[in-house]
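Step one of this worksheet: look at the structure below.
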Amino acid sequence: MLTEHPASIGLHHRPGRVPRVVGSGLTVPLVTGRRVPYVNLDHAASTPCMVEVRQGVERLLPWYASVHRGAGFASQVSTRTYERARDAVRRFVGAAPDATVVFTRNTTDALNLLGRAVPPHTTVFRFAADHHAALLAWRGSRVCRLGVPAGPGQAVELLAGALADAPPGPRLVVLTGASNVTGELWPVAALAEVAAAHGARTVLDAAQLAAHGPVDLAGWGVDWVALSGHKMYAPFGAGALVGAADWLAEADPYLAGGGASARVTADGGRETVVWSGLPHRHEAGSPNVVGAHAMAVACEALSAAGWDAITAHERALAARLRDGLARIPGVCRLGMWDAGSPAVGVVSFGVARCGGDPVDQRLVATALSAEHGIGVRDGAFCAHQAVRALLCRAHPHEPGRALRASIGLGTTADHVDRLLSALAELVADGPRWTYRNTPDGWCPVPDPRPLPDFLAHRDIPEGVRREQEGVTP
């Protein structure tokens, strides 16, 4: 018997301590020739790898082999690791012991899987503030489009009214745990209660919530939850859909192929297929055992650390960031609801002027990176309707683009202060370097920053390289 299983890796973490992440000591080059510690304020897009996750993956890799398809001992270890990962994810989201766990590529994949499994004539209810993954996965269903509510109470009222007026038939309500634009927490339990009172099922997009606070699927009365490993410190290409079995068991496989098919025969030139049961029915092909294991380790490491320490760390830094932004002239923070609404560490804002001139938000993000070594997100964050609505309220001259700074485990007070200092400088004096607007966005000209050793100029098209270096053809 195995005396130590790879799934036990990385859990020797003392409660009350914020887990560490890989790359916390990373330095990056500036266009000025200096190197500075990197400030990663883009956790809402993708989180770095947790140290425990890297250790867990490293210990699994020697055992990596085929899953569900091999009699060899390494295959048995990999299969056991993959199936144990389901239990870890199930516990992490507070699902019932018999809940189905289907591994996917990410939250988008998980929601599209459910979108393929909804029964015919289902009415889907979703808010305009949702991420595109939650907004667009239901194209084969009747969709009831709700707006951007002015507060949590209005969100409940809008949903209740829409459900009362909806036609008969199956119903599915799409819920968001935390906004990927503003970080604000949605009233998940209250919305799920209203949905249940009207006979509707619910699915929770927990992509922005899962790394910042507990998820309680059973306690909230939610039927399914979708989440991504790459947003919870396990960037190895796995996500999951967790919840009720019935709709998933009755649906055709999400993908057709090995694993999804229990038996295939040929009769008169036609294949007859008996599809597998859950969860394998929707996991065709060789599974991503490394990604599933990484996600499981992240779930257990976050739980072992304790949410009190994690949330206290993030709330203090988010408050520091919001207070600092409020003191910079011309910077306007975006928000759906009251300023004191509970939120995770995601803050979006607009910069009205830069050195006295109207500014492209992407230019600000580019200058923050090139001149200060700070990574933020610019754009509409895959939530175009929400960003446009919020900009119309707070920053009407900017056509659909904003900046977003998002906090995670590796963020420090110095990181927040460096962003605030750099923004204040850009607002007052504008960029110090020269930039060119290209079809792919702004780029510094010249751009002397060297790429890391594992990349080389030969990997970059010659025309792009010459433009980045300021070389005129």
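Some notes on this structure:
- Among beta bridges that DSSP assigns inside the chain, antiparallel share in %, nearest 5: 65 percent
- Taking every DSSP beta bridge that has both ends in the range 53-304, the antiparallel portion is near 50%.
- Normalising the average separation of contacting C-alpha pairs (under 8 angstrom, six or more residues apart) by the number of residues puts the relative contact order of the chain at 21 percent.
- Sorting His121, His415 from the fewest to the most surrounding beta carbons within 10 angstrom yields His121, His415.
- Taking the C-alpha atoms only, the angle from helix 188-197 to the longest principal axis of the chain is near 40 degrees.
- Relative to its Kirkwood radius, the Cα radius of gyration of the chain gives an Rg/Rh of 0.99.
- Positive-end extreme of charge dipole, the range 114-264 - chosen from Leu241, Ala117, Leu163 (charges on Cβ): Ala117
- For the range 30-92, the Cα gyration tensor yields ellipsoid semi-axes of 36, 16, 9 Å (square root of five times each eigenvalue, largest first, whole Å).
- Under 5 Å, built H, 5+ apart or other chain: amide partners of Arg171: Thr123, Arg201
- FRET E, pair Leu455, Arg34, Förster distance 22 Å, beta-carbon r, rounded to 0.05: 0.60
- Charged neighbours of Val215, selected by a Cβ distance under 13 Å, balance to +1 (K, R count +1; D, E count -1).
- DSSP bridge pairs, the range 167-261: antiparallel proportion in percent, nearest 5: 40 percent
- Using C-alpha pairs under 8 Å with a sequence gap of at least 6, the mean separation divided by the residue count of the range 53-304 gives a relative contact order of 25 percent.
- Listed residues Pro446, Ala260, Gly151: farthest to the positive end of the dipole of the chain (Cβ charges): Pro446
- Listed by Cβ neighbour count within 10 Å, with the fewest neighbours leading, Arg333, Arg126, Arg436 appear as Arg436, Arg333, Arg126.
- Counting charges near Arg263 (Lys, Arg +1; Asp, Glu -1) among other residues having Cβ under 14 Å from its Cβ returns a value of -1.
- Between the listed residues Val181, Val274, Val89, the Cα displaced farthest toward the positive end of the dipole of the range 53-304, a dipole computed from Cβ unit charges relative to the Cα centre, is found at Val274.
- Neighbour counts of C-beta atoms inside 10 Å place Cys354, Cys299 in the sequence Cys354, Cys299, starting with the fewest.
- Relative contact order of the range 287-438, defined on C-alpha pairs under 8 angstrom at six or more residues apart (%): 28 percent
- Label point 7 Å beyond Cα of Val445 along Cβ direction - residues of the range 16-38 with amide nitrogen under 20 Å: 31-33
- Normalising the Debye intensity of the range 53-304 to I(0), with uniform scatterers on Cα atoms only, and taking log10 at q = 0.07, 0.12, 0.16, 0.17 Å⁻¹ returns -0.25, -0.70, -1.14, -1.25.
- Two-decimal Rg/Rh across the range 195-250, once Rg and the Kirkwood Rh are taken from alpha-carbon atoms: 1.02
- Under a 5 Å amide H cut-off, with hydrogens placed 1.01 Å from N, Val36 pairs with Val28, Leu30 among residues at least 5 apart or on other chains.
- One decimal place: the segment Asp267-Cys392 gains 38.8 nm when fully extended, by the rule 0.36 nm per residue minus the C-alpha distance.
Readers should treat all values here as calculations from the given coordinates under stated rules, not as data from a laboratory. Bear in mind the structure is a predicted one, so any value in this text is a computation, not a measurement. Quick reminder, even Gly has a Cβ in these numbers, built from the backbone with ideal geometry, and neighbours come from all protein chains shown.
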